[in-house]
Amino acid sequence: MKIEIRLTEKEQDILDLLSTGKSNKEIASELNITVNTVRHYLRILSRMFQCSNRTELAIKNLQRVGKVI
């Protein structure tokens, strides 16, 4: 059974940029937020998706949106 995780627009934006290989600094710049805010969101998202690192988080996001099997 697949559990649907609901994300805010900002959370999804951060995940999408993370999944393209952007650094925290690049994500912050693109979204006009601080690097600390990006880190905060990534910690929350890592807990939500039960991931231990950003690569795993990016892969799970791509799987969730159907871009990776």
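The values are calculated or read from the model by the stated rules, or taken from the named source; none is laboratory data. Model, not experiment: these values are computed from the prediction. Here the Cβ positions follow ideal geometry from the backbone for every residue, glycine too, while neighbour counts run over all protein chains shown. Surface areas here come from the heavy atoms of the whole protein model, side chains and all, with no ligands, DNA or RNA. Shrake-Rupley method; radii C 1.70, N 1.55, O 1.52, S 1.80 Å.
Taking the stated definitions as given, is residue 67 within 20 Å of residue 4 (Cβ to Cβ) and not in a helix (DSSP H, G or I)? Can you show your working first?
Working: within 20 Å of residue 4 (Cβ to Cβ): yes; not in a helix (DSSP H, G or I): yes.
In short, yes.
Run down 4, 30 and say which single residue is out of contact with any Pro (no Cβ under 6 Å at 6 or more places or on another chain), in a loop (DSSP other than H, G, I, E, B) and open to solvent by 90 Å² or more (accessible area, probe 1.4 Å). Walk me through it before giving the result.
On the way: 30 fails: in a loop (DSSP other than H, G, I, E, B).
When all the criteria are applied, what remains is 4.
Within the stretch 54-69, track down each residue that is polar (S, T, N, Q) and open to solvent by less than 70 Å² (accessible area, probe 1.4 Å). Show your work before the answer.
Of the stretch 54-69, the ones polar (S, T, N, Q) are 55, 61, 63.
The answer is 61, and nothing else.
Quick one: what pairs do we get from the stretch 43-69, first residue basic (Lys, Arg), second at pLDDT 95 or above and not in a helix (DSSP H, G or I), C-beta under 7 Å, 6+ apart or different chains?
60/51
Inside the stretch 33-64, can you point out the residues that are in a loop (DSSP other than H, G, I, E, B) and touching a Lys or Arg at 6+ places or on another chain (Cβ under 7 Å)? Reasoning before the result, please.
Going through the stretch 33-64, the residues in a loop (DSSP other than H, G, I, E, B) turn out to be 33-34, 50-53.
Listed by number, the list holds a single entry, 51.
Given the conditions (1) assigned to a helix (DSSP H, G or I); (2) free of Cβ contacts under 8 Å to residues at least 12 places away in the same chain, and given that residue 14 satisfies all but one, which numbered condition is not satisfied?
For residue 14, the failing item is (2).
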